[in-house]
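Asker: First, the structure itself, so that you have it in front of you.
Derivation of every value follows stated rules applied to the coordinates shown; laboratory data play no part. As the structure is a prediction and not an experimental result, all values here were calculated from the model. Please note: Cβ atoms are built from the backbone with ideal geometry, for glycine as well, and neighbour counts cover all protein chains shown.
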Amino acid sequence: MSLHRRSAPLLFVNARLIDPASGAETRGGLLARDGRIADLGPHLTRDAAPDGARVVDCGGEVIAPGLIDMQAFVGEPGAEHRETIASATMAAAAGGVTTLVATSATDPAVDDPAVVDFVLRRARDTGRVRVLPMAALTKAREGKEIAELGLLQQAGAVAFYDGARSVKNALVMRRAMAYARDFDALVVHFAQDADLAGGVMNEGDFALRLGLSGVPREAEAIMLDRDLRLAALTGARYHSAIVTTTLSLDALRAAKDAGLSVTCGTSINHLTLNENDIGDYRSFLKLRPPLRHEEERKALVAALAEGLVDVIVSDHDPQDVETKRLPFAEAEYGAIGVETMLAAGMRLVHSGDVTLPRLLAAMSSRPAEILGLEQGRLQKGAPADLIRFDPDAPFVVDPAKLHSRCRNTPFDGALLQGVVNMTVVGGEIVHKAV
């Protein structure tokens, strides 16, 4: 899609305006013109509409910045049978996500400027929302040799991430961090000791009852501890992609208190589901890292509420029937999630555990800050990447109605609240609920 074409002004009136960057919440209107927010506030009513403007009466619904999903698999190049940029961005638009940050776990991996360029061109030609590629931290994502970070950044990579593969060699990781620091580039890492994480679900009594091999919490914590020490040694900007344990949260708290330039994310799945949801071997809930104990989930939610957890990601990972409709131990890891991320997150708001501005901040303004993007703010001059949604509207998740090419949603049949009625990218409507 073109994000630069001049379109008619768009005026939202009778809206609940939430700016997660500042925490401000007001009633009023918002005017988008030439791809940016021209004005907003209580003074904007239908009578204030400029000539030729399209007026949208929100009926008291929320207007907020479009969501920024910092971790999604978009399929191209090499896995178009699982997802394409066209299908991924259609799902994103339906879920209120206006910027998808694509992982490097493609075939070939995003470890060459030409592949970065390919993703950007495909997104321009076939995408409904913005797509920003992360490039591989190491060549072919093998953890052995550092990728050409400077050239990849020049080509348009916004961060460096090997996907759900940890860099095992500490010396390689140190060199990668030092190299990235020289470019002020963000290193994103999946913290999990692969040798220790040989199981298929969270280690504990439930895994024993199911007869499945377990992944201990320490597999995550040991790798994260190493990474944080290397971040202190090199001075690099470091982001832990998905944290799931109290051990990790304690380490991150200490690192942040020490003034290190470190941030972290967790997935919507780990905030809203636990290991018991696996139930009778539900392979759609086989995730990497695995769903944890309920007490760990509650600790993650509390850490999100206080701001220790910076970012919520969908960890959108489409898998087809052939790899998911298998015995749990043999099934592939991963779940789709970009289209249901906001609605699933609203569970935390409706339960009173997290405020709506805080939830939106973790899905918009905070990712924008970490990645150095203009988006994520409901302020004059900011890009007009917007969502209009009803936080209370209920719906049942029907996999057949989701826009991804795959159907492996962990929320199959779940009753959620929070319907996105309109998504706007650069002042243009890219999704409108029927």
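Asker: Rounded to the nearest 5, what % of the DSSP beta bridges within the chain are antiparallel ones?
Answerer: 50
Asker: Now a separate question. For the pairs Lys168/Lys256; Lys168/Lys324; Lys256/Lys432, flag any whose C-alpha to C-alpha distance is greater than 31 Å.
Answerer: On the way: Lys168/Lys256 24 Å; Lys168/Lys324 28 Å; Lys256/Lys432 40 Å.
Pairs exceeding 31 Å: Lys256/Lys432.
Asker: Just Arg54, Arg377, Arg366 to compare: in a GNM of the chain, with alpha carbon springs under 10 Å, which one fluctuates most?
Answerer: Arg54
Asker: For the chain, what is the charge dipole size about the Cα centre, in debye to the nearest 20, if Lys and Arg each add +1 at the Cβ and Asp and Glu each add -1 at the Cβ? Show your work: numbers first, answer last.
Answerer: On the way: 47 positive and 57 negative charges, 155 e Å.
My answer is approximately 740 debye.
Asker: Let me ask you something else. Any idea what the relative contact order of segment 305-417 is, in percent, if you count C-alpha pairs under 8 Å spaced at least 6 apart?
Answerer: 31
Asker: Moving on to the next point. Which of Ala258, Ala305, Ala361 moves most in a GNM of the chain, Cα contacts under 10 Å?
Answerer: Ala258
Asker: Any chance you could give the angle, 0 to 90 degrees and rounded to 10, that helix 294-306 forms with the longest Cα principal axis of the chain?
Answerer: With both axes taken from Cα atoms, the answer is about 50 degrees.
Asker: Over the chain, what relative contact order in percent results from Cα pairs under 8 Å that are six or more residues apart? Don't skip to the end; give the middle numbers.
Answerer: On the way: 1096 pairs, mean separation 86.7, N = 434.
Relative CO of the chain lands at 20 percent.
Asker: Quick check: net charge around Asp39, other residues with Cβ under 13 Å of its Cβ, Lys/Arg +1 and Asp/Glu -1?
Answerer: Counting the neighbours of Asp39, the net charge comes to +2.
Asker: Tell me, what does the Kirkwood hydrodynamic radius of the chain come to in angstroms if you use every pair of distinct C-alpha atoms?
Answerer: Kirkwood radius, the chain: 21.7 Å.
Asker: Select from Thr244, Val188, Ala361 the residue farthest towards the positive end of the dipole of segment 80-371; place +1 on Cβ of Lys and Arg, -1 on Cβ of Asp and Glu, and compute about the Cα centre.
Answerer: Ala361
Asker: Starting from the Cα of Ala8, step 7 Å along the direction of its Cβ; do the same at Asp182; then give the gap between the two resulting points in nm.
Answerer: My value for the distance between the label points is 5.4 nm.
Asker: Counting each DSSP H run of 4 or more residues in the chain as -39500 (n - 2.57), what helix-only mean residue ellipticity at 222 nm follows after dividing by all residues, to the nearest 500 deg cm²/dmol?
Answerer: -8500 deg cm²/dmol
Asker: Also, quick follow-up: Test of understanding: what is the full-extension gain from Asp107 to Arg46, defined as 0.36 nm times their sequence separation minus their Cα-Cα distance?
Answerer: 17.0 nm
Asker: As I understand it, the dipole of the chain uses +1 on the Cβ of Lys and Arg and -1 on the Cβ of Asp and Glu, about the Cα centre. Which of Leu132, Ala231, His350 lies farthest toward its positive end?
Answerer: Of the listed residues, the answer is Leu132.
Asker: For a test of the definition: using alpha carbon positions, the gyration tensor, and the 1.5 limit on a/c, classify segment 1-126 as rounded, prolate or oblate.
Answerer: prolate
Asker: Rounded to whole Å, give me the distance from the Cα center of segment 255-297 to that of segment 346-397.
Answerer: 20
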